[in-house]
Each structure stands twice: as structure tokens, then as C-alpha cells.
Amino acid sequence: METVILAVVIAVVVLGALGGLVVGSRRKKSLPPPPPAAPDITAPPAEPHVGDEAETPRDEPRRTIEEVDLPDGSAPVAVEEPPALEVPEIEVPEPTAGRLVRLRARLSRSQNALGKGLLTLLSREHLDEDTWEEIEDILLTADVGVQPTQELVEGLRERVKVLGTRTPAELRGLLRAELLKLVDPDMDREVKTEPETSKPGIVMVVGVNGTGKTTTTGKLARVLVADGRSVVLGAADTFRAAAADQLQTWGERVGAYTVRGPEGGDPASVAFDAVKEGKEMGSDVVLIDTAGRLHTKTGLMDELGKVKRVVEKHAPLDEVLLVLDATTGQNGLVQARVFAEVVDITGIVLTKLDGTAKGGIVIAVQRELGVPVKLIGLGEGADDLAPFEPEAFVDALIGE
């Protein structure tokens, strides 16, 4: 028993000694370095709020509301004005008096082939049948027409026989007299824009495609404004996209008001509104530009008749001007016949007369329709539309 107890005590002593050795060995090992102290963290600057400067706020003295000067409302407040719209400058057209006389030189340069040719033939010592046939050819080539040519030749023959001797001055005088007789200076060539009852005067401009109706309408507005008349323009050509813009531009140049409708709209409605507007504004004249149409298209010609009937619900038309291209010659007469049947033409406007040697169309168209040539176009300029003056025209034909 004692032996057992002794063995247990020895075992306990041995275990205790072993435990002390282990602990001592652990203490001899280097301990890991202590963790570094936490760094001092500086707080970031405060984010600027709306209206603050982008820097750290400073302690500055601030004024109280009593120390701040407030506006008393007496100081004017500057208000920025919108930019003014650019208004087109109104032109002052050239007076119409003597326009054809001023343009005579231009007309004579292009037209006097007729007069020079006739004077050359008439100056021959012997006027035989061949010479008279040449005279007839010149007149027919100049689009004078068959019947007027025969009348002119017969008149010249008779006067040459009576004169006997023929000086250049005498020849020019007799040719001038015969041509003036055919042009007929007694026809009334005034463009009727003053109605007998109440204004405005109503003028409708018609013709085939490409004769210059819109340009002629714009130029006629300038002629009327130059004579002191107030004008309203009706853009009843609703088929051609640029027609209304073109006419409005012509009107703005001289201060004329333009009535227009939607593209492809009813032209009769636009014409009706133009006359109505002219009445309300107290204007002197309403000019209605119609669409160009082929005289062979029955439907389009019927529509032109409708425009005329609708306008006449307001008041009767004072003028229906047919615009003809002078370079078309005898073909223009066919067009003129059809238009005259549909809308009762009262006057002719011949355009491009400065670009053709066929001045005889003046005689032919008057003879064909029985209505006078009232206006002629002598160029592309804005003031190159002139009232037709028979004496000045014949003088231009035969030259100085």
C-alpha cells in the first residue's frame, strides 16, 4: 500500500516538473511586436452646399438685415427687348408717264428689222411685182397676218404712185402712216381700274403656262402704285408652289397686301377672299393672278370661268388681261381665241417684246380679238412693263 502511494507521489512530482520546463521554454521565445497605434485621421472639409463657395467656411462678421440696403423699387429694371423683325424696304416705282418713250431704244434694237427691211425695199428705183412680194414676205414673217399685210401693201402701192419721187424722208413718212393705221391709235388702251360705282377696281390676269402672268401682275402692281393707287394682290395660282411666294415678294416691294391660300386649294376661293379683303381695306385695285393653263384643256378652262363667276358675286370685273408671249407669234392667236371665249378678254399684255423681231403680232392680235394691246413687256427689269403707245411703238419699228 505504501508502495502504491509512493508511486503516485513520484508520478505527480514528475508531471509537475515537466510542466514547468514547458512553460519556461515558451517564455524564452520572443513575443510578436505589439500592433501599431491607430493613426490620427483628419476629418475631410465639409462639402459646399448650394450657394456656398467651394472652400472651408470662414468665420467672418456678417451684417444683420437692418444693416443691408434693400432696393426701394424706384430703380428702373432693365428688360431685354426682343430683336426687331426686319421689315422689307418699300421701293418707289418709276412713274409710268413716258416709260415706252424711255424704252424706245431697247425696243428699236430688237424690232427695227421690220422697218429697215421695208424701207430698203421701198427705196429701190423700180418697185416691180417681185419687190412687192418681198415686202409681203417681210410683213408675214413679222407676224402681221395675212389680211393686215394685204391692206398695208395696197396702201403703200397707192401712196407710192401718188408721190412719184420718193426721198428717204417721204418713204419713212408714208410707211409710218400705214403702220400706224394698222396699229389703230384710236383704240382705248387705258387699263380700267376705276369702277363707275364703288371701288376697288378688279383686274384678272390670265394666260397659258410660261407667258409671265405672275411677273406681269407684280409689275402691274408697281405701275399702279407709281400712279398713287393702293393695291391688293390675289394669289389665285394655287397649283404652282412658288407662285404665291413670288407674287407676295412683288407686293412687299411696293407695300401691296397679298391674299393667298393653301397650295393646291381652290383658286376661286382665293380670288373671292382677295376681293373681299380689298373692299374691307378700302383699296383702289385688286389684281388677281390665275394659274397658267393650256387652252386645249377643257376642264382647266372651265375652272377659269368659275373663278370669274365667283369674283363677280362681289362686283363685275373691270379688266380681264390676257398675257401673251410675243415670241410665239401666230400660235398666240390660237390661245387668244379660246381664252376670249371663256372669260371675255378686255385687253392684251404682250411680254418679251424686246426679244423678238416679230412686232407685227401687235397688229395681228388686235385684229383677231378686236381688243387693244394695253401693256407691253420690254425686259426683265421691275419697271420694264409699259403702257402701249402706238406712235412710240411704230417709231421704234421703223427706226429713227
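The values are calculated or read from the model by the stated rules, or taken from the named source; none is laboratory data. Computed from a predicted model, the values in this text were never measured in an experiment. Every residue, glycine as well, gets a Cβ built from its backbone with ideal geometry; the counts of neighbours run over all protein chains shown. Each accessible area value is taken on the protein alone, full model and side chains, heavy atoms only, with ligands, DNA and RNA left out. Shrake-Rupley method; radii C 1.70, N 1.55, O 1.52, S 1.80 Å.
Here the calculated FRET efficiency for Asp137 and Glu391, from their Cβ-Cβ distance with R0 = 25 Å, stands at 0.40, rounded to the nearest 0.05. Solvent-accessible surface of the range 249-344, taken per residue with a 1.4 Å probe and all protein chains present: 43 Å². Each peptide in 151-163, 224-236 gets a packing score, the mean of other Cβ atoms within 10 Å over its residues, and the list from highest to lowest is 224-236, 151-163. Computed extension length for Lys313-Glu190: 41.8 nm, one decimal, from 0.36 nm per residue of separation with the Cα-Cα distance subtracted.
Normalised by the empirical 2.2 N^0.38 Å for globular proteins, what value does the Cα Rg of the range 318-375 take?
Compactness ratio reported: 1.00.
Quote the FRET efficiency, to the nearest 0.05, computed for Thr249 versus Asn209 with a Förster distance R0 of 22 Å and r equal to the Cβ-Cβ distance. The value I calculate is 0.65. Averaging the Cα positions of each part gives two centres, and for the range 223-268 and the range 116-131 these lie 50 Å apart. Put a dot 7 Å past the Cα of Thr3, heading toward its Cβ, do the same for Asp273, and the two dots end up 14.2 nm apart. Under a 5 Å amide H cut-off, with hydrogens placed 1.01 Å from N, Gly347 pairs with Val320, Leu322 among residues at least 5 apart or on other chains.
Given a Förster distance of 60 angstrom, what is the FRET efficiency for Glu263 paired with Val146, based on the Cβ-Cβ distance and rounded to 0.05?
Rounded to the nearest 0.05, the efficiency is 0.85.
Considering every Cα-Cα pair within the range 259-393, what fraction, in whole percent, is farther apart than 17 Å?
Counting pairs separated by more than 17 Å, the tail of P(r) holds 63 percent.
Over 19 Å apart at the Cα level, from the set Lys116/Lys161; Lys213/Lys313; Lys306/Lys352; Lys192/Lys219; Lys181/Lys352, are Lys116/Lys161; Lys213/Lys313; Lys306/Lys352; Lys181/Lys352. Counting only protein heavy atoms and a probe of 1.4 Å, the accessible surface of the range 226-315 is 48% carbon and sulfur.
Label-to-label distance, Val162 versus Asp227, with points set 7 angstrom from Cα along the beta-carbon direction: 3.6 nm.
Asn331 to Ser198: extension gain in nm, 0.36 nm per residue of separation minus the Cα-Cα distance?
Here the segment from Asn331 to Ser198 would lengthen by 44.0 nm.
Packing, taken as the mean count of other beta carbons within 10 Å per residue, orders the peptides 130-136, 184-190 from highest to lowest as 130-136, 184-190.
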